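Structure first, commentary second.
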Amino acid sequence: MAQTDSVDNLVLAGLRAELKALQEFKATLQAEQKALVGGDIATLTALSQSKLEQIDRLNHLATERLDRIASLDFAANRQGMNKWAEHMGTAALGTWRSVLEITSEAHQANQINGTLIQTRLQHNQQALAALLAASNRASLYGPDGQPEGAPQGSGTARSIIGKA
């Protein structure tokens, strides 16, 4: 029984650490969203490494939590966590519900950021296509100012430009 209580306490402590890590991750996603809207590439670059580290930490905490509740004979999934939290009482249940709520909010923020990234990528691709088209048009004239590919000595292009 004492070992079960010890594992229960480890699960609850880990759950609290996971909640704190999720809150930090959500704040990172909100900062990322602000940087995406503002086109702040320097901030996005700085946030990307932090975001990856936070994801690794969250995955580690979730794996630990699931391994621990499995050792207590609860299913290593959301339903098992629900049963464990109900078994533990108000504090655990409240923390677990907060984890689920912040997870949902972080998921939504991440979806919005993904949409912003896709929109920015499409705009960048359109701008690049326009620049490339303009670059191709600019190369229609040779260094002598005459259209490239025009027959030499035809005079037609020169006379049109000369009249201008």
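Scanning region 36-64 for residues that are within 30 Å of Gln3 (Cβ to Cβ), within 19 Å of the chain's Cα centre (by Cα) and hydrophobic (A, V, I, L, M, F, W, C) turns up just one, Leu58. If you go through region 11-38 and keep only what is free of Cβ contacts under 8 Å to residues at least 40 places away in the same chain and not charged (D, E, K, R), you end up with Ala13, Ala27, Thr28, Ala31, Ala35, Gly38. So, Glu32, is that one under 12 Å from the mean Cα position of the chain (by Cα) and surrounded by 14 or more Cβ atoms within 10 Å (Cβ to Cβ) or not? It is true that Glu32 is under 12 Å from the mean Cα position of the chain (by Cα) and surrounded by 14 or more Cβ atoms within 10 Å (Cβ to Cβ). In region 65-76, the condition of being under 13 Å from the mean Cα position of the chain (by Cα) and either farther than 24 Å from Arg97 by Cα or free of Cβ contacts under 8 Å to residues at least 24 places away in the same chain (or both) is met by no residue. Can you find a residue that is surrounded by 14 or more Cβ atoms within 10 Å (Cβ to Cβ), in a helix (DSSP H, G or I) and of a type in the set (Asp, Glu) anywhere in region 75-93? No, that holds for no residue.
Taking the listed residues Gly89, Gly114, Gly149, the one that is at pLDDT 80 or above and on the phi > 0 side of the Ramachandran plot is Gly89, with no other qualifying.
The values are calculated or read from the model by the stated rules, or taken from the named source; none is laboratory data. Keep in mind it's a predicted model, so treat the numbers as computed, not measured. Glycine gets a Cβ as well: all are built from the backbone with ideal geometry, and neighbour counts include every protein chain shown.
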